[in-house]
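Following: one structure in structure tokens, then a few remarks.
The values are calculated or read from the model by the stated rules, or taken from the named source; none is laboratory data. Fair warning: this is a prediction, and the values are worked out from it, not measured in the lab. For neighbour counting, all protein chains shown are included, and Cβ atoms are generated from backbone atoms with ideal geometry for every residue, glycine included. The area values use the complete protein model at the heavy-atom level, side chains included, leaving out ligands, DNA and RNA. Shrake-Rupley method; radii C 1.70, N 1.55, O 1.52, S 1.80 Å.
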Amino acid sequence: MPSGSSTPSGSDSKRQRVLPVPKTVAGLRTFEPDSSIVSDIIPSPNYGERNKGRQPDMIVLHYTGMPDVEGALARLCTAGTEVSAHYVVLEDGRIVQCVPETKRAWHAGVSSWAGEDDINSCSIGIEIINRGHDWGYPEYPLRQIAAVIALCRGIMLRRKVPAHRVLGHSDVAPARKKDPGEKFPWHSLANSGVGHWVTPAPIVRGEKLMLGTISDAVLSMQQALARYGYGVPLNGKYDAATMEVVTAFQRHFRPARLDGVADHSTLSTLQALLASLPSDATTVAK
């Protein structure tokens, strides 16, 4: 079974460094990995039981948003931080498992999707090593993205996760989070069967819905966002909460411009996504 300090052999050892195992995990009980592509087990004490026996049917992708892998693993695997994830994907493509899939990792925080507000109980959380917006936000290496795709595909098969329920942290917590961010290549994942995607509609001049607008058109847009799954007010007012949701939608599905303004491109892309959802997809607003 893989250990937290395993060292690769052969030529890869010149490129890969030994993982920094936090001292706090020394006495923790290890477990069998759920995926055959896991390279290391670094157990985290930060988990619990899934509420009411809820089985995970969602994957939530995050970036770590910390300067280095050492700090990220320490935070995820140290008791008292109240943060964890099932998996961590390193920049070189190695995959660490910290919490068994049967358990409820603490990765989503206050969040909601498609009417559910205990996202931790219904999801598998994957942290992707990336410094994030506060530390320069680098591009995701191709090797890392390939590992994320392989990991997600396995989870989707094991847990029967539909493609449209592979989401970003910013989707389920738009008021608080930006990760995995606008540089994350959702289109590449979708090309491999991971996640839901349509080609974004082109950005053109035209009428827009924006902060301060009060109209039936705003209510219609809010209802469309809610049907897709976003937690958004249904009041016909383009308020700050609505703008945050629109920005989160753009960050995932129309990353060419992140301004929180519902232009033709944003609205058309949203309608195309709704039209391409499977008929049995859970919807919220009518």
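Structure data summary
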item	result
Residues located in segment 36-52, provided they are assigned to a loop (DSSP other than H, G, I, E, B) and either surrounded by fewer than 17 Cβ atoms within 10 Å (Cβ to Cβ) or without any contact (Cβ under 8 Å) to a residue 60 or more places away in the chain (or both)	Ser36, Ile37, Val38, Ser39, Ile42, Pro43, Pro45, Glu49
Qualifying residue in segment 72-91 (condition: surrounded by fewer than 22 Cβ atoms within 10 Å (Cβ to Cβ) and in a strand (DSSP E or B))	no
Filtered residues of segment 50-64 (kept if more than 24 Å from Leu157 (Cβ to Cβ) and touching a strand residue (DSSP E or B) at 6+ places or on another chain (Cβ under 9 Å))	Asn51, Tyr63, Thr64
When residues of segment 144-163 are limited to those that are in contact with a helix residue (DSSP H, G or I) (Cβ under 8 Å, 6 or more places away or on another chain) and part of a helix (DSSP H, G or I), the one farthest from Ile126 (Cα to Cα)	Ala163
Unique match (being surrounded by fewer than 15 Cβ atoms within 10 Å (Cβ to Cβ), closer than 25 Å to Ile119 by Cβ, in contact (Cβ under 8 Å) with a residue 12 or more places away in the chain and outside the structural domain of Leu151 (by the TED database)) among Ala224, Ala248, Ala281, Ala240	Ala240
Helices (runs of 4 or more DSSP H) contained entirely in segment 190-286, each with at least 1 residues that are acidic (Asp, Glu) and at pLDDT 95 or above	216-228, 240-253
Checklist (1) outside the structural domain of Cys152 (by the TED database); (2) closer than 23 Å to Gln144 by Cα; (3) open to solvent by 30 Å² or more (accessible area, probe 1.4 Å); (4) touching an Asp or Glu at 6+ places or on another chain (Cβ under 7 Å) applied to Ala256, failing item	(4)
Per-region count, segment 179-189, residues surrounded by fewer than 16 Cβ atoms within 10 Å (Cβ to Cβ) and closer than 15 Å to Ala146 by Cβ	1
Selection from segment 112-132 of residues that are part of a loop (DSSP other than H, G, I, E, B), under 15 Å from Arg176 (Cβ atoms) and open to solvent by 10 Å² or more (accessible area, probe 1.4 Å)	Ser112, Asp117
Ala217 vs. criteria among the hydrophobic types (A, V, I, L, M, F, W, C), without any contact (Cβ under 8 Å) to a residue 12 or more places away in the chain, touching a strand residue (DSSP E or B) at 6+ places or on another chain (Cβ under 7 Å) and open to solvent by less than 60 Å² (accessible area, probe 1.4 Å)	yes
